[in-house]
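Asker: Take this structure first; my questions come after.
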Amino acid sequence: MARQLDPETLLADLDPDQREAVLATSGPVAVHAGAGSGKTRVISRRTAYAIATGVVPADQVLVVTFTDRAANEMVERLRGLGLPGVTARTFHAHALSQLRHYWPVTHDGRPLPELLDSKGLIVSRLARQLPGHYRFTPSKDLSDEIEWSKARRIAPGAYEREAAAARREPPIPVDLFVRVYGDYERAKERANRIDFDDLLVETVNLLEGNGDAAATIRARKRWFSVDEYQDTNPLQQRLLELWLGDREDLCVVGDEDQTIYTFTGATSDYLTGFVARHPGAREITLSRNYRSTPQILALANRLLAAEGRRKQLVATAAPGDVPRIERFADADAEAAHLVASIRRLVGAGTPPSEIAILVRINAQIPPIEAALTKARIAFRVRGQRFFERPEVREAVRIVRRLPAEARGSLLLAAFDARLRSDLGFEAVDQGGGAEARERTASLALVLEIAAEAVAARHDLDREGLVADFETRGAAEAAASAGGDGVNLLTFHRAKGLEWDAVLLPQLEEGTLPIRQAESDAELAEERRLLYVGLTRARRFLSLSWAERRTGAGDREVRRRPSEFLGALVDRPHAGRVTVLPGAPMNAAPSRARSEDSPLMAALRAWRLDAARSDGVPAYVVAPDTLLADIADQRPTTLPALRRVKGMGPSRLGRYGEEMLEIVRGSARD
């Protein structure tokens, strides 16, 4: 039996904004919760306060979370507040409980079909039947595209039309994808299976088509709270609307700047458009950050300001070290920096488990593993380990089948040829979906590791190369088995986590933002990934890039710093970070000629007036990097201005016409 809750105790340790959110227990409410602002505390306290004050019985509450882990955490929070009976589930878990009950009723007594653990088993078989090199398409890319389609209730027959309307490019030609999608649905039906997307589709169909079932389901839950609302997709939104009916007790909590799953159909539009869809809704912003130092938050705020955003996270933590942005001559120097930083942090008392290294894709992890292993620093790979990836395991199997007489450079050449013929590997091919890019990068790294092994031992045979791979894989598995090492993971996996110290290496053009990010929307998502990375750090933050890296065929490739770094060190605010060593991140020959031009002077004068008028810092209106690009490119139309990196839709809408008038005036002069 739940203990008696004291409403005042639930409010006692909240800040004013958190308190306002907790007290808003009725009607539509949108809580914009910045990183580290205590959103889980607010959701649990608000739920407890509503129950304690008689707004809603505990058994009529539904707290919707994005993951099972978050649901379990919420249950524990509520249990700690004396509420063991509150339901906290994901969309899929709650839909499953409803389908299990109603499926036999609506399907002549037949039980709910068995649930597929993954689309991969069916999709991978279908992928292997594709013609030509398309048979190497990763099943995950095809599965993600099916998920995107189902999130919009798009059937195979309607995919081509709907994808064209959405300007969506599938990972393979449209006709081939439609074939795969249709074959997947038929194979699933023959096996009497449904997938996780079907759980939501079928529940929506039930609620739309069966009024009695809808009325019964709505009578059971009438007070809703949805976490991570920025990651909601259209299908989840429709299901939420059907659960809610004509009631208004809905609170959504999210952060549009942490929307990093749009490739699966998620959109922050439902969060940003909540008030428009629910007239009279209360909108509350949690801006106090309880995680990071003021110096770290200044960097995160600056990244948002570079896109024309005015959002500001406010620090509550004590001041700490100034974040560092460091340039290195090559990848080896950057790796040495990571090792030295970790040793310095551990020596100063930071536990290794409170240190994280975040990267854009998994293929960036093994070189870091090698550096840490050589330095005898324990680490833990969070997520799928590199040597457990299917294409890497298949590559090792290929080595075992290479000619026994092949040694050294001949062995390497034979391995390269078989990777291309058997796995469709092309070092220059980075097309397709996100998993295809990961796969290509992984195979390129496998070949690079093999080249290193041959360089170290010129008579290396296949058994020696297999042994080298197995040794590396065993070391990776052993290191990851411990729970107290340095954390290695991608930006995507870091969401929702935090550490005392965070290191962000390889912040270079082509990596972050990734080379395939070309549209404004894609670049904005890459920027949000960096924002997530910055806001994972509590006390220490280091960013770095290298001027040269080894590419395919041991060829050195020159690299440029990420365009996002320029916004972080732009003058006159570069004192917010320490830049070591070398020149500003975004130095460019053409920009040097524009710095003192009359157009640049006019743009700066306009910016000063606009900043004073709007009551914001000048860099919020436009950083120097953006003004310099405008002065270089001299756009005279809105589409041309939109293509200037760093412009962003918010800044374009607010200042675009004024900027264009200055450029046009300069041309007339």
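Asker: Would you check if VAL359 is within 22 Å of VAL486 (Cβ to Cβ) and crowded, with 22+ Cβ neighbours inside 10 Å?
Answerer: Yes, satisfied.
Asker: Considering only residues that are of a type in the set (Gly, Ala, Ser) and modelled with pLDDT of 90 or more, look in region 96-129 and name the one that is surrounded by the most Cβ atoms within 10 Å (Cβ to Cβ).
Answerer: ALA127
Asker: Could I ask something else about it? Pairs needed: first member in region 461-480, free of Cβ contacts under 8 Å to residues at least 60 places away in the same chain; second member anywhere, surrounded by 16 or more Cβ atoms within 10 Å (Cβ to Cβ) and among the hydrophobic types (A, V, I, L, M, F, W, C); C-beta distance under 7 Å; at least 6 residues apart or different chains.
Answerer: Close Cβ pairs satisfying both conditions: ASP461/LEU411; ASP468/ALA453.
Asker: Quick check on region 16-29. Is at least one of its residues surrounded by 16 or more Cβ atoms within 10 Å (Cβ to Cβ), over 22 Å from VAL275 (Cα atoms) and not polar (S, T, N, Q)?
Answerer: No; the residues of region 16-29 include none that is surrounded by 16 or more Cβ atoms within 10 Å (Cβ to Cβ), over 22 Å from VAL275 (Cα atoms) and not polar (S, T, N, Q).
Asker: Take the residues of region 362-391 that are in a loop (DSSP other than H, G, I, E, B) and over 21 Å from the mean Cα position of the chain (by Cα): which is surrounded by the most Cβ atoms within 10 Å (Cβ to Cβ)?
Answerer: The qualifying residue surrounded by the most Cβ atoms within 10 Å (Cβ to Cβ) is ILE377.
Asker: Shifting gears a bit: Among the residues of region 457-481, which ones are in contact with a helix residue (DSSP H, G or I) (Cβ under 9 Å, 6 or more places away or on another chain) and exposed (fewer than 13 other Cβ atoms within 10 Å of the Cβ)?
Answerer: Correct list: HIS458, ASP459, GLU463, GLU470, ALA474.
Asker: Can you pull out every residue in region 490-508 that is among the hydrophobic types (A, V, I, L, M, F, W, C) and either modelled with pLDDT under 85 or surrounded by fewer than 19 Cβ atoms within 10 Å (Cβ to Cβ) (or both)?
Answerer: Passing the criteria: only LEU497.
Asker: In region 632-657, how many are free of Cβ contacts under 8 Å to residues at least 40 places away in the same chain and of a type in the set (Gly, Ala, Ser)?
Answerer: 3
Asker: With touching a strand residue (DSSP E or B) at 6+ places or on another chain (Cβ under 9 Å) and at pLDDT 90 or above as the only criterion, which of VAL22, VAL42 stands out?
Answerer: Numbers: VAL22 fails: touching a strand residue (DSSP E or B) at 6+ places or on another chain (Cβ under 9 Å).
Checking each option against the conditions leaves just VAL42.
Asker: Taking into account only those residues within region 37-77 that are buried (at least 21 other Cβ atoms within 10 Å of the Cβ) and of a type in the set (Lys, Arg), which is nearest to GLN236 (Cα to Cα)?
Answerer: LYS39
Asker: Please go through region 89-132 and give me each residue that is touching a helix residue (DSSP H, G or I) at 6+ places or on another chain (Cβ under 9 Å) and small (Gly, Ala, Ser), ordered by number.
Answerer: Once the filter is applied, which keeps residues that are touching a helix residue (DSSP H, G or I) at 6+ places or on another chain (Cβ under 9 Å) and small (Gly, Ala, Ser), region 89-132 yields ALA93, ALA95, SER118, GLY120, SER124, ALA127.
Asker: One residue is enough: does region 450-472 have a residue meeting the conditions within 30 Å of THR264 (Cβ to Cβ) and at pLDDT below 90?
Answerer: No, that holds for no residue.
Asker: Looking at region 218-229, can you tell me whether even one residue there is in the same structural domain as ALA93 (by TED's automatic domain parsing), surrounded by fewer than 18 Cβ atoms within 10 Å (Cβ to Cβ) and closer than 30 Å to ARG167 by Cβ?
Answerer: No, the conditions are met nowhere in region 218-229.
Asker: Of all residues in region 182-209, which are farther than 23 Å from THR90 by Cβ and out of contact with any Leu (no Cβ under 8 Å at 6 or more places or on another chain)?
Answerer: Scanning region 182-209 gives GLY182, GLU185, ARG186, GLU189, ARG190, ALA191, ASN192, GLY209.
Asker: Among the candidates ARG238, ARG247, which residue alone is among the basic types (Lys, Arg) and modelled with pLDDT of 95 or more?
Answerer: ARG238
Asker: Over 19 Å from GLU283 (Cβ atoms) and modelled with pLDDT of 95 or more: which single residue out of LEU62, LEU5, LEU78 fits that description?
Answerer: Just one listed residue meets the conditions, LEU62.
Asker: Which numbered condition in (1) closer than 16 Å to LEU488 by Cβ; (2) under 13 Å from the mean Cα position of the chain (by Cα); (3) not β-branched (Val, Ile, Thr) is the only one that ALA537 fails?
Answerer: Tallying (1) closer than 16 Å to LEU488 by Cβ; (2) under 13 Å from the mean Cα position of the chain (by Cα); (3) not β-branched (Val, Ile, Thr), ALA537 fails exactly one: (2).
Asker: Report those helices (runs of 4 or more DSSP H) wholly inside region 6-71 carrying at least 2 residues which are among the hydroxyl-bearing types (Ser, Thr, Tyr).
Answerer: On the way: elements: 7-11, 16-23, 39-52.
The helices (runs of 4 or more DSSP H) meeting that bar are 39-52.
The values are calculated or read from the model by the stated rules, or taken from the named source; none is laboratory data. Values in this document were obtained by computation on a predicted structure and should not be read as measured data. Neighbour counts run over all protein chains shown; Cβ positions are idealised from the backbone, glycine included.
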